[in-house]
Amino acid sequence: MKKRIGALVAAAAMSASFAVLAQQPAKKPAAKAQAKAAQKAPDATTADFEKFRDVLEEDNPAELFEAKGEELWKAKRGPNNVSLAESCDMGRGVGVLKGAYVQLPRYFADVDAVMDAERRIAHCMVKYQGFKAEDLAKKPFSSGNYTPELVSLTTYVAGHSRKMKIAIPQKHPKEKETYQIGKEIFAYRAGPWDFSCSTCHGEDGKRIRTQNLPNLSTPEGAIRAFQGWPGYRMTGGVMHTLQWRMNDCFRQQRFPEPNYVSPSITALLSYMGVNANGQVYKGPGIKR
Amino acid sequence: MDALRRTLIKGAGATGAIAAAMAAGVLKPSQVLAAEYNRTAFEAKDVAGALKGVGAGSTTESKDIVIRAPDIAENGAVVPVDVVSNIPNTISLAVLVDKNPAPLTSAFDFANGAVAEMALRVKMGQTSMVEAIAKTSDGKYFIAKKEVKVTVGGCGG
Amino acid sequence: MADPMKIRAQMKGDSAEIRVLMSHPMETGQRKDNAGNVVPAHFIQSITVDVGGKRVIQGQTGPAISRNPVFGFKVKGAKAGDKVVINWVDNKGDKRTDEATIS
């Protein structure tokens with residue numbers, strides 16, 4: 001088990017310090033920090049948030065990014081002057097987007113690997129349009145007035161799975177393996193605080209200030225990993241995908257941040273996604 | 001068309017000629033120059049100054065203006081506010097956030113069938129009263145308030 | 001050039017409900033970027049809405065309107081098929097006009 005994680009983490013090209021951190025004995029018991037995180041805010045607050053969340057979702061600036069993504073998807077671009085619409089197979093056939101997002105991550109025979117949505121789009125941009133992978137990874141997250149093309153593209157692709165059931169396949173051996181790896185990373189405790197994802201997301205009813213932390217190991221909680229992503233984040237008014245969310249949680253966990261579209265993220269998305277199978281995805285959303 | 005001439009935002013720069021031209025169909029709407037920006041009202045640092053800026057010398061509290069906004073905003077960067085005026089002949093609405101560095105967020109005029117109702121999203125730096133001002137066609141101003149608590153402020157960006 | 005607006009216009013009973021999303025940073029002039037430099041004020045100052053060729057709404061806005069603004073309005077007497085034209089102008093003189101048809 002441990003060996004596989006170690007290998008995966010290395011493959012994911014997390015920085016070398018990861019291994020060092022992992023070997024350090026835990027200095028602070030996680031329980032104390034978490035007791036604080038679990039402090040309850042009044043439930044009326046949550047109810048009020050939910051009510052206005054619906055109002056906010058009705059007219060969601062995420063649509064602006066979807067529109068931008070559509071333009072990018074259909075345009076002939078890159079050194080090869082090819083459009084993604086005419087070249088990229090998101091798992092349902094070249095150019096077919098309906099229902100693709102709720103079935104990702106999945107196995108792709110052309111690369112003999114499991115890919116999540118954003119990683120697949122990045123792959124298509126490199127393989128068919130001729131963009132350079134290094135360039136795509138240079139500034140992969142939104143900030144200020146900057147939105148990476150991949151964020152708009154992922155939002156556009158996700159928009160084609162509105163109101164569809166999550167149905168991430170678990171047929172191919174590599175799909176099963178990816179799920180298992182995700183499960184292991186989720187439970188893998190390390191870092192200066194000896195945190196794992198499940199320290200914060202493995203129990204019901206946890207909170208940090210007014211933010212509910214979903215229990216991602218249950219179907220009801222796991223859907224929160226999907227629901228509303230890609231999401232328009234009110235803080236900063238920027239669009240983010242799950243790649244950003246994962247990176248930010250690695251940071252919160254005091255782990256080195258994984259590389260952009262790394263296989264370890266695909267594995268985590270597999271684990272959480274499969275746990276949410278059968279639930280209905282509402283489409284790109286809005287986040288605090 | 002007369003309605004648009006006497007409303008909150010045109011106070012500063014409306015010219016009767018443009019309104020008349022619009023009414024007569026001489027100008028396409030897109031050719032009409034926007035009313036001059038009401039800098040005085042938008043840059044006022046307090047509510048009194050902002051009200052003065054839009055021409056509202058005195059206001060009467062009214063329950064016929066309904067403000068729908070959260071009791072506690074999840075994020076001050078995006079606070080949804082809905083305002084409806086049920087006062088007959090309301091021709092303009094303005095929304096203010098008392099404790100913002102400049103309280104006036106926006107002012108809108110309604111004509112030709114537009115209902116005195118609007119939905120918008122505002123930034124709030126801290127817990128504050130949100131105020132809605134309605135102006136009627138006979139030049140009277142009415143006001144309603146609602147408190148919105150803010151835990152995560154939204155003026156950083 | 002500014003990105004297009006998203007306009008939704010639908011009859012509900014005897015009035016048209018108009019919702020518009022605008023792509024705009026709405027910078028207050030107070031925010032600092034990652035390098036610590038103040039980002040200059042950049043915000044929409046004026047908005048107009050025409051329905052069926054008539055000006056129905058005009059307004060002015062300040063920097064306290066949220067980034068990527070969303071507005072909702074209601075217009076009585078409009079009908080399906082009428083054209084809705086929305087225009088904004090910001091403090092730098094950038095502008096944008098988009099249209100939709102009431103459904």
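Filter the stretch A:120-148 down to residues that are out of contact with any helix residue (DSSP H, G or I) (no Cβ under 6 Å at 6 or more places or on another chain), away from every other protein chain (no Cβ under 14 Å) and not in a loop (DSSP other than H, G, I, E, B), then give me how many there are.
Our first condition is that a residue be out of contact with any helix residue (DSSP H, G or I) (no Cβ under 6 Å at 6 or more places or on another chain); within the stretch A:120-148, this holds for A:120, A:123-125, A:127-130, A:132, A:134-135, A:137-140, A:143-148.
Add one more test, that the residue is away from every other protein chain (no Cβ under 14 Å), and what stays is A:120, A:123-125, A:127-130, A:132, A:134-135, A:137-138, A:140, A:148.
Remaining after also requiring not in a loop (DSSP other than H, G, I, E, B): A:120, A:123-125, A:127, A:134-135, A:137-138.
Counting residues in the stretch A:120-148 that are out of contact with any helix residue (DSSP H, G or I) (no Cβ under 6 Å at 6 or more places or on another chain), away from every other protein chain (no Cβ under 14 Å) and not in a loop (DSSP other than H, G, I, E, B) gives 9.
Which of (1) assigned to a strand (DSSP E or B); (2) open to solvent by less than 40 Å² (accessible area, probe 1.4 Å); (3) within 11 Å of chain A (Cβ to nearest Cβ); (4) not small (Gly, Ala, Ser) is the odd one out, the single condition C:His24 does not satisfy?
Failed condition: (1).
Is the stretch C:25-33 home to any residue that is under 22 Å from B:Ser92 (Cα atoms) and β-branched (Val, Ile, Thr)?
Kept after step one, since they are under 22 Å from B:Ser92 (Cα atoms), are these residues of the stretch C:25-33: none.
No, the stretch C:25-33 contains no residue that is under 22 Å from B:Ser92 (Cα atoms) and β-branched (Val, Ile, Thr).
With C:Gln30, C:Gln10 as the choices, which residue is in a loop (DSSP other than H, G, I, E, B) and out of contact with any helix residue (DSSP H, G or I) (no Cβ under 6 Å at 6 or more places or on another chain)?
So the residue among C:Gln30, C:Gln10 that is in a loop (DSSP other than H, G, I, E, B) and out of contact with any helix residue (DSSP H, G or I) (no Cβ under 6 Å at 6 or more places or on another chain) is C:Gln30.
Looking at B:Asn112, B:Asn89, which is the one that is over 15 Å from the mean Cα position of the chain (by Cα) and within 11 Å of another protein chain (Cβ to nearest Cβ)?
B:Asn112
Does C:Val38 satisfy the condition of being more than 8 Å from chain B (Cβ to nearest Cβ), open to solvent by 30 Å² or more (accessible area, probe 1.4 Å) and among the hydrophobic types (A, V, I, L, M, F, W, C)?
yes
Checking C:Phe43 against (1) facing another protein chain (nearest Cβ under 7 Å); (2) open to solvent by 10 Å² or more (accessible area, probe 1.4 Å); (3) of a type in the set (Phe, Trp, Tyr): exactly one of these is not met. Which one?
Single failed check for C:Phe43: (1).
For the stretch C:9-21, give me the residue count where each residue is at the interface with chain A (Cβ under 8 Å from one of its Cβ atoms) and open to solvent by 50 Å² or more (accessible area, probe 1.4 Å).
So the count comes out to 1.
For residues that are open to solvent by less than 30 Å² (accessible area, probe 1.4 Å) and more than 17 Å from the chain's Cα centre (by Cα), tally how many sit in the stretch A:170-196.
3
Taking the condition of being out of contact with any strand residue (DSSP E or B) (no Cβ under 6 Å at 6 or more places or on another chain), at pLDDT below 95 and more than 8 Å from every other protein chain (Cβ to nearest Cβ), how many residues in the stretch B:55-86 meet it?
Here the count works out to 3.
Being within 14 Å of chain C (Cβ to nearest Cβ), within 16 Å of the chain's Cα centre (by Cα) and among the hydroxyl-bearing types (Ser, Thr, Tyr), is that true of even one residue in the stretch A:232-243?
Checked the stretch A:232-243: at least one residue is within 14 Å of chain C (Cβ to nearest Cβ), within 16 Å of the chain's Cα centre (by Cα) and among the hydroxyl-bearing types (Ser, Thr, Tyr).
Looking only at the stretch A:149-164, count how many residues are assigned to a helix (DSSP H, G or I) and not hydrophobic (A, V, I, L, M, F, W, C).
The total comes to 6.
Residue by residue, here is whether (1) within 25 Å of the chain's Cα centre (by Cα); (2) over 30 Å from C:Met26 (Cβ atoms) holds:
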position	(1), (2)
A:Thr46	yes, no
A:Asp54	yes, no
A:Glu58	yes, no
A:Phe65	yes, no
A:Lys68	yes, no
A:Leu72	yes, no
A:Lys76	no, yes
A:Arg92	yes, yes
A:Gly95	yes, yes
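How many residues does the stretch A:134-165 contain that are of a type outside the set (Ser, Thr, Tyr) and over 21 Å from A:Glu86 (Cβ atoms)?
Number of matching residues: 15.
Kindly indicate the residue of the stretch C:47-80 that is among the small types (Gly, Ala, Ser) and surrounded by 23 or more Cβ atoms within 10 Å (Cβ to Cβ) and also farthest from the other protein chains (Cβ to nearest Cβ) among those meeting that condition.
Checked the stretch C:47-80; the qualifying residue farthest from the other protein chains (Cβ to nearest Cβ) is C:Ala78.
Could you say which residue among C:Ile65, C:Ile57 is of a type in the set (A, V, I, L, M) and closer than 19 Å to A:Glu63 by Cβ?
On the way: C:Ile57 fails: closer than 19 Å to A:Glu63 by Cβ.
It is C:Ile65.
Go through A:Glu86, A:Glu149 for me and flag whichever is open to solvent by 40 Å² or more (accessible area, probe 1.4 Å) and in contact with a Leu (Cβ under 7 Å, 6 or more places away or on another chain).
A:Glu149
The values are calculated or read from the model by the stated rules, or taken from the named source; none is laboratory data. For clarity, every value in this text was computed on a predicted model and none was experimentally measured. Don't worry about glycine lacking a Cβ; one is built from the backbone with ideal geometry, like all the others, and counts go over all protein chains shown. Accessible surface areas use protein heavy atoms only, side chains included; no ligands, DNA or RNA. Shrake-Rupley method; radii C 1.70, N 1.55, O 1.52, S 1.80 Å.
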